[in-house]
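Please read the structure below before turning to the comments.
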Amino acid sequence: MAVPTCTALAPTSRNFTASAALATELQGFVKDGTIEAIAVQSAYQMGALGVKTAIEVVEGKSVPKFRDTGVLMVTRKNIDSTEAKNVLY
């Protein structure tokens with residue numbers, strides 16, 4: 001429910017029509033202090049582990065039911081860091 005809340009708090013915000021626009025808008029909310037942080041997963045890591053798991057299944061190997069791809073809490077302090085940029089873009 002963060003987006004509707006932020007939309008209500010930020011008078012210049014617009015309706016979201018795509019996930020890229022949403023991500024950009026949320027980053028703006030973090031930068032201007034409207035929200036404290038956003039939890040971000042790495043699309044690269046999710047894809048890499050997904051392919052790895054698919055290969056293991058095809059090879060007949062046992063795979064875990066859950067694979068943790070990690071999450072990064074992005075705040076005003078770290079939003080411009082290399083680590084945050086790697087998961088945001």
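The values are calculated or read from the model by the stated rules, or taken from the named source; none is laboratory data. Small disclaimer: the values here were computed from a predicted structure and weren't measured. Counting neighbours? That spans all protein chains shown, and the Cβs are built from the backbone with ideal geometry, glycine included.
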Checklist outcome for this item: Pairing a residue in the stretch 10-33 that is more than 23 Å from residue 85 (Cα to Cα) and modelled with pLDDT under 65 with any residue that is outside any helix (DSSP H, G or I) and of a type outside the set (D, E, K, R), where Cβ atoms lie under 9 Å and the two sit 6 or more apart in sequence or on different chains, gives 10/34
Checklist entry - Say we look at the stretch 68-89 and pick out the residues that are outside any loop (DSSP other than H, G, I, E, B) and over 11 Å from the mean Cα position of the chain (by Cα); which of these is surrounded by the most Cβ atoms within 10 Å (Cβ to Cβ)? => result 75
Next on the checklist: Take the conditions surrounded by 12 or more Cβ atoms within 10 Å (Cβ to Cβ), modelled with pLDDT under 90 and either more than 17 Å from the chain's Cα centre (by Cα) or among the small types (Gly, Ala, Ser) (or both) and apply them to residue 48. Does it pass?
Outcome noted: no
Checklist entry - Inside the stretch 44-89, can you point out the residues that are free of Cβ contacts under 8 Å to residues at least 24 places away in the same chain and either touching a His at 6+ places or on another chain (Cβ under 6 Å) or of a type in the set (A, V, I, L, M) (or both)? => result 46, 48, 49, 51, 54, 55, 57, 58, 63
Next on the checklist: Can you pull out every residue in the stretch 58-89 that is in contact with a strand residue (DSSP E or B) (Cβ under 9 Å, 6 or more places away or on another chain) and of a type in the set (Asp, Glu)?
Outcome noted: 83
Checklist outcome for this item: Among 61, 65, the single one that is charged (D, E, K, R), at pLDDT 95 or above and loosely packed, with under 13 Cβ neighbours inside 10 Å is 61
